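Here is the structure we will look at.
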Amino acid sequence: MTRLSRRDQFFVGLTLFSMFFGAGNLIFPPLLGAQAGTHTWPAMAGMALSAVVLPVLGVVAAAQAGGLPALAGRVHPKFAAFFTLLAYLSIGPCLAIPRTATTSFEMAVIPFFSDPPVWARALYSLVFFAAALAVALKPDQLSNRLGKVTGPVLLALICIITAGCILHAPGGYGAPATAEYASHPAIQGFLDGYQTMDTIAALVFGIVISLNIRSKGITKDRAVVSATIRAGWIAGAVLLTVYAALAHVGAVSGAAFPGAANGAQVLTSITSWLFGPAGNLLLGMVFVIACFNTCTGLISSCGEHFSVQFPRLSYRTWACLFAAVSFAISIAGLNTILKISVPVLGMLYPVAIVLITLGLAQRWACRFRRIYPTAVLFTGAASVAGVLFPNLPLPLADVGLGWVVPALLGTALGILLSLPGTQTAENGR
């Protein structure tokens, strides 16, 4: 075969959506709607850029480059090793994987047991990671499990909640609840989109998606890359639709039930109002399935990468190791994990954005051999400085985009340094 059938292509795309759509994807769009109120749609446009468009472009850039290590290697081999390691650890066992267990526990267990004992969290996480690991041990079969089973079930449950809000809304949109959403909703929505972690995840999910494509009989590299890119666009379309639905749910919920501290509380309020006690059960199922899908995809992606980079341990061993470490970290609780994730993502996300942008413009960027190192250096330095020193007087720092001008300066400097001897096509590959 040289091309996936339309049916198989759709299910591979739905598999990628299922891998993307986890805890943060459920929490942040409803909170955006609740806080933005009448400014929900400008804010949603900003979030769509950072949480839909950039992840899709990340899939495209990584697929065309041959994976994240190859894309980051255009900066320097040592940088590629370092950044790839940070990316996999952040969307893997250090942050994103543990968050799937803690979030689903707080949404599926705590509503029914207001003060569960400490051992209950540990027992839940143990069962959760054991089940996810069992599915992840066959990474080439994820399209048959996530794409054809759990993904469609998740979409059906979200449709029930959305339909309830459309047919029986508690009210209209209220006024913006925060100064940021009142003054610059699109920029704030863009920054909140960081928390989904999908732009970084997009750079690493391709390794598992390509396995599923090859399991369908596609063997030529070019065909695998094309199918991976099409899967990215399908996943992006589904993500955008679901985000818009959840933002609307949050907007009507925020006006009727103000004061929610996070997106989970926003969803809890509206589902309880719509469906009564059954609403907690419905919402718990949504969170468990979404977090389970993402956890499985992350364990598979991390296991595949590390088994290739460090082949002394098998894929099965790496997958078990990541599940065990994630289980241990998850016991710390959701709030602790979120406190760590915000600054880490603030450092990594801008660099990922610059890499993706340059990767998409490779036909132009390859003519300037210094452009990758200088652009990434300036971006990374500004991102780290912005997190460590929040009051640093960088342009646009007041809206959380202090890295943008340094990135542009680094790009311009790279062009200037490359002018005496532009790269050949060979150097640009």
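The values are calculated or read from the model by the stated rules, or taken from the named source; none is laboratory data. Quantities reported herein were computed from a predicted structural model and do not represent experimental measurements. A quick note on method: Cβ atoms are made from the backbone with ideal geometry, for glycine too, and the neighbour counts reach across all protein chains shown. SASA here: full protein model, heavy atoms, side chains in, ligands and nucleic acids out. Shrake-Rupley method; radii C 1.70, N 1.55, O 1.52, S 1.80 Å.
Any idea how many residues of region 119-137 are surrounded by fewer than 20 Cβ atoms within 10 Å (Cβ to Cβ) and either touching a residue at least 60 places away in the same chain (Cβ under 8 Å) or among the small types (Gly, Ala, Ser) (or both)?
7
Just for region 5-43: of the residues that are open to solvent by 10 Å² or more (accessible area, probe 1.4 Å) and of a type in the set (A, V, I, L, M), which one is modelled with the lowest pLDDT?
Only one residue fits best here, namely 27.
When you go through 182, 202 one by one, which is the residue that is in contact with a Pro (Cβ under 8 Å, 6 or more places away or on another chain), small (Gly, Ala, Ser) and open to solvent by 20 Å² or more (accessible area, probe 1.4 Å)?
182
Against the condition part of a helix (DSSP H, G or I), of a type in the set (S, T, N, Q) and either in contact with a Gly (Cβ under 7 Å, 6 or more places away or on another chain) or at positive phi (or both), how does residue 357 come out, does it pass?
It is false that residue 357 is part of a helix (DSSP H, G or I), of a type in the set (S, T, N, Q) and either in contact with a Gly (Cβ under 7 Å, 6 or more places away or on another chain) or at positive phi (or both).
Against the conditions (1) modelled with pLDDT under 85; (2) among the polar types (S, T, N, Q); (3) open to solvent by 10 Å² or more (accessible area, probe 1.4 Å); (4) closer than 26 Å to residue 94 by Cβ, where does residue 196 fall short? Just the number, please.
Only one criterion in (1) modelled with pLDDT under 85; (2) among the polar types (S, T, N, Q); (3) open to solvent by 10 Å² or more (accessible area, probe 1.4 Å); (4) closer than 26 Å to residue 94 by Cβ is unmet by residue 196, namely (3).
Kindly indicate whether any position in region 170-180 is assigned to a helix (DSSP H, G or I), among the small types (Gly, Ala, Ser) and either at pLDDT below 85 or touching a Phe, Trp or Tyr at 6+ places or on another chain (Cβ under 9 Å) (or both).
No; the residues of region 170-180 include none that is assigned to a helix (DSSP H, G or I), among the small types (Gly, Ala, Ser) and either at pLDDT below 85 or touching a Phe, Trp or Tyr at 6+ places or on another chain (Cβ under 9 Å) (or both).
Six or more apart or on different chains, Cβ atoms under 7 Å: show the pairs whose first residue is in region 388-407 and under 20 Å from residue 46 (Cα atoms) and whose second is part of a helix (DSSP H, G or I) and at pLDDT below 90.
Correct list of pairs: 397/386; 400/191; 402/386; 403/386.
Taking residue 283 as meeting all but one of (1) among the hydrophobic types (A, V, I, L, M, F, W, C); (2) closer than 24 Å to residue 152 by Cα; (3) open to solvent by 10 Å² or more (accessible area, probe 1.4 Å), write down the number of the exception.
(3)
Just give me the residues in region 286-318 being hydrophobic (A, V, I, L, M, F, W, C), surrounded by fewer than 23 Cβ atoms within 10 Å (Cβ to Cβ) and under 13 Å from residue 139 (Cβ atoms), in sequence order.
306, 308, 318
Taking region 260-276, which residues are free of Cβ contacts under 8 Å to residues at least 24 places away in the same chain and either in contact with a Lys or Arg (Cβ under 7 Å, 6 or more places away or on another chain) or small (Gly, Ala, Ser) (or both)?
261, 269, 272, 276
Is it fair to say residue 146 is farther than 23 Å from residue 326 by Cβ and open to solvent by less than 50 Å² (accessible area, probe 1.4 Å)?
It is false that residue 146 is farther than 23 Å from residue 326 by Cβ and open to solvent by less than 50 Å² (accessible area, probe 1.4 Å).
Kindly provide the set of residues from region 210-228 that are open to solvent by less than 30 Å² (accessible area, probe 1.4 Å) and assigned to a helix (DSSP H, G or I), ordered by number.
Within region 210-228, 210, 212, 213, 223, 224, 227, 228 qualify.
When you scan region 9-21, do you find a residue that is outside any helix (DSSP H, G or I) and in contact (Cβ under 8 Å) with a residue 12 or more places away in the chain, even just one?
yes
From the list 51, 101, 80, 72, which residue is without any contact (Cβ under 8 Å) to a residue 60 or more places away in the chain, open to solvent by less than 30 Å² (accessible area, probe 1.4 Å) and of a type outside the set (Asp, Glu)?
None of the other options fit; the residue is 80.
For region 315-325, state whether one or more residues are of a type in the set (Val, Ile, Thr), modelled with pLDDT under 85 and not in a loop (DSSP other than H, G, I, E, B).
no
Return the only residue of 300, 314 being among the hydroxyl-bearing types (Ser, Thr, Tyr) and closer than 20 Å to residue 91 by Cα.
300
Here is a check on your reading of the model: is residue 207 assigned to a helix (DSSP H, G or I), aliphatic (A, V, I, L, M) and touching a His at 6+ places or on another chain (Cβ under 7 Å)?
It is true that residue 207 is assigned to a helix (DSSP H, G or I), aliphatic (A, V, I, L, M) and touching a His at 6+ places or on another chain (Cβ under 7 Å).
If you go through region 216-256 one residue at a time, how many are among the hydroxyl-bearing types (Ser, Thr, Tyr) and closer than 27 Å to residue 141 by Cβ?
4
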